[in-house]
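Notes to accompany the following structure.
The values are calculated or read from the model by the stated rules, or taken from the named source; none is laboratory data. Since the structure is predicted, the reported quantities are computational estimates derived from the model, not experimental observations. Cβ placement follows ideal geometry from the backbone for every residue including glycine, while neighbour counts extend to all protein chains displayed. To get the accessible areas, we keep the full protein, side chains included, count just its heavy atoms, and leave off ligands, DNA and RNA. Shrake-Rupley method; radii C 1.70, N 1.55, O 1.52, S 1.80 Å.
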Amino acid sequence: MSSIQEQISTLTARLHHLNYQYYQNDVSEVPDQEFDKMLAELAALEKAHPELALPNSPTQRVGGTITKQFPTALHRYPMLSLGNTYSEADLRDFDERVQRGLEGAEYAYVCELKFDGVAMSLTYQNGQLTQGVTRGDGTRGDVVTSNVRTIKNLPLHLRNTGPTQPEEFEVRGEIFMPQPVFAELNQEREANGEALLANPRNAASGALKLQDSALVAARRLRFFAYSYLSQGRDFPTHSAALEALRAWGLPVSDTWRKCHSLDEVLEFIHYWDKHRFTLPVATDGIVVKIDDLRQQELLGYTAKSPRWAIAYKYPAEAGRTRLREIQYQVGRTGAVTPVALLDPVPLAGTIVKRASVHNANQIAALDLRLGDMVFVEKGGEIIPKITSVDLTARPADSQPIIYPTECPACGTPLIRPEGEAHFRCPNDRGCPPQLKAKLEHFVSRKALDIDGLGAETVGRFFDLGLVTDAASLYDLPGKAAELAQLERMGEKSVQRLVAGLEASKQVPFDRVLFGLGIRYVGETVAEKLAAHYRTVKALEAATAETLAAVPEVGGVIAVSVAAWFQEPQNREMVERLRAAGVQLALTGEAPKAQSDRLAGQTFVLSGVFEQHSREELQQLIQQHGGKVTGSISKKLSYLVAGDKMGPAKREKATELKVPIISETDLLAMLPDATTLPDSEAEAAADSALDDLTAPTPPQGGQASLFS
Ligand code: IVH
């Protein structure tokens, strides 16, 4: 073996092992930095020697494969569905059928949770993942292997522990989007004026169909295995197979139980009815399976589903309460959303006071009236929705809901573009909530991330007439004296704000483009557009037609972008941003975010530094997602102490228990490639690091699965 090959295989084995320890056993054997460093090394070696790269390399997790059209494959064993029941009586019937079928023999069940995601069939050959296929029509599905390889808790390579592995076998399980990831994604989509994903299942299924596996990686999907299939009789029972899968490194949720009677099954059902909402994975019921595989065979199948298993579905949690009022919210893009204000009612672990009613059609379809008793349900969604009206309880004085024809905020007549469900306020240049939301978006973390200027402050400035649009923010330093007079502002806050505005001029063009708040231009689209056009000038000159030809930019987005840049006021604002010094082009020098390593951390730089100037250190921190501020507070993550730092700063930091670190300590927190001169191999290492969200330390239980 060549020494490069040896290096690749040693690194690969080590990374597979660390991944297993992290995702299966909640153990971090090495600090995150070290893991990332090894991964970057491997990526660099693979880039330099593509012929030696292994198909299941841990670097596959970051994605980067583009599939224009997914090929299809026949399922060796058809992917069936399960019979559903909704009542305990149905379960008793099932149990009686099983008893009769097994002619009085003893039997046990395995109860599992029914995960609400997308079914996936994985093939392993000689311990390596070779294929991932969707259910499709049950007989033939889409081959989505490169997308599946990005799922971090799914082993690309199995361990040699536990029972002997057959040369080839299939694992089935569910791919899902953890609830917290789903909530975050939808918040972003809402802020960007994009259509919301209905539930985590749709989100997972949509993600698996993406053509660019790097985008799939960003969706942070996870996998749970629940079936094992092979040509031989490898295990006597389903539970033994589950244990083997686990021993080989596959993620099996440890929520399953063996049950020896229907009563035990019911106990399992009742237990999880209460506790399932504490899991990060959406569940919609439980699955009861006969444990003994010979007994499974004996019971056999109907045309559609096994006779040895059944799914019990939990009823959707519903609450009944009174509808008090409908409020109309105007979003950043002018969409008017009705929100129902309810008498508080407990539902699925929270107290619900508001519910969504989607749009005007929905109000009519439900025949909603103010004062009605309504049923609210929480599906996979975060915001509960009104599902029906209790007409038997309609009060005599209930009031019809009169949908506004004018914007509740600015009085402009609302419009409803053809094919859209929402009414919209077209006054995008004068409607206060729209303008305010645009400003909030511009300063937000994923856009210009202006330190000292949160949503609340910017809203206040807007109300006071101090700012009108994004470009006007950069006039604030000229109003410093006026700002310092404001309540809860003070000189220090103003200084911080001025420094924050200054620092935002280093934010790369793609994030500025995202910050402009053009409808349908989310973070990813902004990145693609910036990478393609490189300058705002080129983007302004693009037509809807040429825009639509950019990968990941569809017709709707293209029209929206072209229309935005055709508006003279928008062009004029872009010019003012340019004059202020904001990045409107990708340049060689423009620092691009290189990692998330320091995300959520704030630093104060004080004194004189040896290896870098203070400005350089500030840039480095920002490039890795951190923030630099001027004042020491309890919330500060680190004080970076240089030479000749004032004693007052040190004292304050000590008093507030803020860790004091050196320049060397700070540099050690960054990925290694950061400080090295640029070369092709390092550029490859960098790009591998770009997509890796730094894993957070495991918190016990299954928490790390979802981090
Ligand atoms: S076993 C013969 N176990 O439910 C069918 N399925 O209709 C064997 N599902 O889309 C399926 N959690 O993806 C099984 N613990 C679990 C499950 C589970 C979710 C899904 C499965 C399929 C549907 C069955």
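When region 509-536 is examined, which residues are found to be without any contact (Cβ under 8 Å) to a residue 24 or more places away in the chain and either over 22 Å from the mean Cα position of the chain (by Cα) or over 18 Å from D212 (Cβ atoms) (or both)? Please lay out each step first, then the result.
Going through region 509-536, the residues without any contact (Cβ under 8 Å) to a residue 24 or more places away in the chain turn out to be 526-527, 532-533.
Result: H532, Y533.
Would you point out which residue out of L341, L293 is of a type in the set (A, V, I, L, M) and closer than 26 Å to I402 by Cβ? Write out each step before concluding.
Numbers: L293 fails: closer than 26 Å to I402 by Cβ.
On inspection, the qualifying residue turns out to be L341.
Look through T255, T321 and report the one residue that is among the hydroxyl-bearing types (S, T, Y), within 28 Å of Q24 (Cβ to Cβ) and crowded, with 19+ Cβ neighbours inside 10 Å. Explain how you work it out, then say what you get.
Numbers: T321 fails: within 28 Å of Q24 (Cβ to Cβ).
Of the residues listed, the single one that is among the hydroxyl-bearing types (S, T, Y), within 28 Å of Q24 (Cβ to Cβ) and crowded, with 19+ Cβ neighbours inside 10 Å is T255.
For the list (1) touching a Ser or Thr at 6+ places or on another chain (Cβ under 7 Å); (2) open to solvent by 30 Å² or more (accessible area, probe 1.4 Å); (3) within 16 Å of the ligand (Cβ to nearest atom), I need the number of the one condition that E170 fails.
(2)
Find the residue count for region 12-52, including only residues that are closer than 17 Å to M669 by Cβ, of a type in the set (D, E, K, R) and in contact (Cβ under 8 Å) with a residue 24 or more places away in the chain.
Within region 12-52, residues that are closer than 17 Å to M669 by Cβ, of a type in the set (D, E, K, R) and in contact (Cβ under 8 Å) with a residue 24 or more places away in the chain number 3.
Take the residues in region 473-531 that are under 25 Å from T333 (Cα atoms) and among the hydroxyl-bearing types (S, T, Y); name whichever of them is surrounded by the most Cβ atoms within 10 Å (Cβ to Cβ).
S504
Quick check: is even one residue across region 59-66 outside any helix (DSSP H, G or I), more than 28 Å from Y20 (Cβ to Cβ) and not basic (K, R)?
The first filter runs over region 59-66 and keeps only residues outside any helix (DSSP H, G or I), leaving 63-66.
Then keep just the ones that are more than 28 Å from Y20 (Cβ to Cβ); that gives 66.
Then drop every residue that is not not basic (K, R), which leaves 66.
Yes: one or more hits.
Just give me the residues in region 225-259 being part of a strand (DSSP E or B) and within 14 Å of D291 (Cβ to Cβ), in sequence order.
Within region 225-259, Y226, S227, Y228, T237, R257, K258, C259 meet the criteria.
Restricting to region 274-308, what's the tally of residues that are assigned to a helix (DSSP H, G or I) and open to solvent by 60 Å² or more (accessible area, probe 1.4 Å)? Give the derivation first.
As a first pass, look at region 274-308 and keep what is assigned to a helix (DSSP H, G or I): 274-278, 293-299.
Checking the rest, the ones that are also open to solvent by 60 Å² or more (accessible area, probe 1.4 Å) come to 274-275, 277-278, 294, 297-298.
The total comes to 7.
Please go through region 130-155 and pick out each residue that is crowded, with 23+ Cβ neighbours inside 10 Å and more than 16 Å from L208 (Cα to Cα).
P155
List, please: which pairs have Cβ atoms under 7 Å, are six or more places apart or on different chains, and start with a residue in region 387-403 that is assigned to a helix (DSSP H, G or I) and end with one that is of a type outside the set (F, W, Y) and open to solvent by less than 50 Å² (accessible area, probe 1.4 Å)?
A393/M373
Output the residues belonging to region 224-251 that are open to solvent by 10 Å² or more (accessible area, probe 1.4 Å), within 31 Å of the chain's Cα centre (by Cα) and among the hydrophobic types (A, V, I, L, M, F, W, C).
Listed by number, the list holds a single entry, A247.
Residues that are closer than 24 Å to H624 by Cβ: list the helices (runs of 4 or more DSSP H) wholly contained in region 484-602 that include at least 3 such residues. Steps first, please.
Values: elements: 490-504, 509-515, 523-533, 536-541, 544-548, 555-566, 568-580.
It comes to 490-504, 509-515, 523-533.
Go through region 432-455 and give me each residue that's assigned to a helix (DSSP H, G or I), of a type in the set (K, R) and either touching a residue at least 60 places away in the same chain (Cβ under 8 Å) or touching a strand residue (DSSP E or B) at 6+ places or on another chain (Cβ under 7 Å) (or both). Working first, answer last.
In the first step, residues of region 432-455 are kept if they are assigned to a helix (DSSP H, G or I); the result is 432-443, 455.
Among the residues that remain, those that are also of a type in the set (K, R) are: 436, 438.
Hit for region 432-455 is K438, nothing else.
Residue by residue through region 271-294, note down the ones that are of a type outside the set (D, E, K, R), more than 15 Å from the ligand (Cβ to nearest atom) and modelled with pLDDT of 95 or more.
Y271
Within region 456-469, track down each residue that is within 13 Å of L435 (Cβ to Cβ), open to solvent by 10 Å² or more (accessible area, probe 1.4 Å) and in a helix (DSSP H, G or I).
F462, D463
Can you tell me which residue in region 106-147 is farthest from Q165 (Cα to Cα), limited to those that are assigned to a strand (DSSP E or B), more than 13 Å from the ligand (Cβ to nearest atom) and of a type in the set (S, T, Y)?
Filtering first and then ranking leaves T130.
Give all pairs with beta carbons closer than 6 Å in which a residue from region 105-131 that is of a type in the set (A, V, I, L, M, F, W, C) meets a residue that is away from the ligand (no atom under 16 Å from the Cβ) and open to solvent by 20 Å² or more (accessible area, probe 1.4 Å); count only pairs at least 6 apart in sequence or on separate chains.
Partner pairs satisfying both residue conditions: A108/H260.
Would you point out which residue out of K353, K304 is farther than 24 Å from F235 by Cβ and within 16 Å of the ligand (Cβ to nearest atom)? Reasoning before the result, please.
Values: K353 fails: within 16 Å of the ligand (Cβ to nearest atom).
Just one listed residue meets the conditions, K304.
Looking for something within 30 Å of P426 (Cα to Cα) and within 29 Å of the chain's Cα centre (by Cα) - is there at least one such residue anywhere in region 590-603? First the steps, then the outcome.
Initially, region 590-603 is screened for residues within 30 Å of P426 (Cα to Cα), giving none.
So far as region 590-603 goes, no, none of its residues is within 30 Å of P426 (Cα to Cα) and within 29 Å of the chain's Cα centre (by Cα).
Out of A43, A13, A73, A89, report the one residue that is closer than 30 Å to W308 by Cβ, in a helix (DSSP H, G or I) and either open to solvent by 40 Å² or more (accessible area, probe 1.4 Å) or modelled with pLDDT of 85 or more (or both).
Exactly one of A43, A13, A73, A89 is closer than 30 Å to W308 by Cβ, in a helix (DSSP H, G or I) and either open to solvent by 40 Å² or more (accessible area, probe 1.4 Å) or modelled with pLDDT of 85 or more (or both), namely A89.
Determine, yes or no, whether V181 is under 33 Å from the mean Cα position of the chain (by Cα), outside any loop (DSSP other than H, G, I, E, B), within 16 Å of the ligand (Cβ to nearest atom) and farther than 24 Å from H270 by Cα.
no
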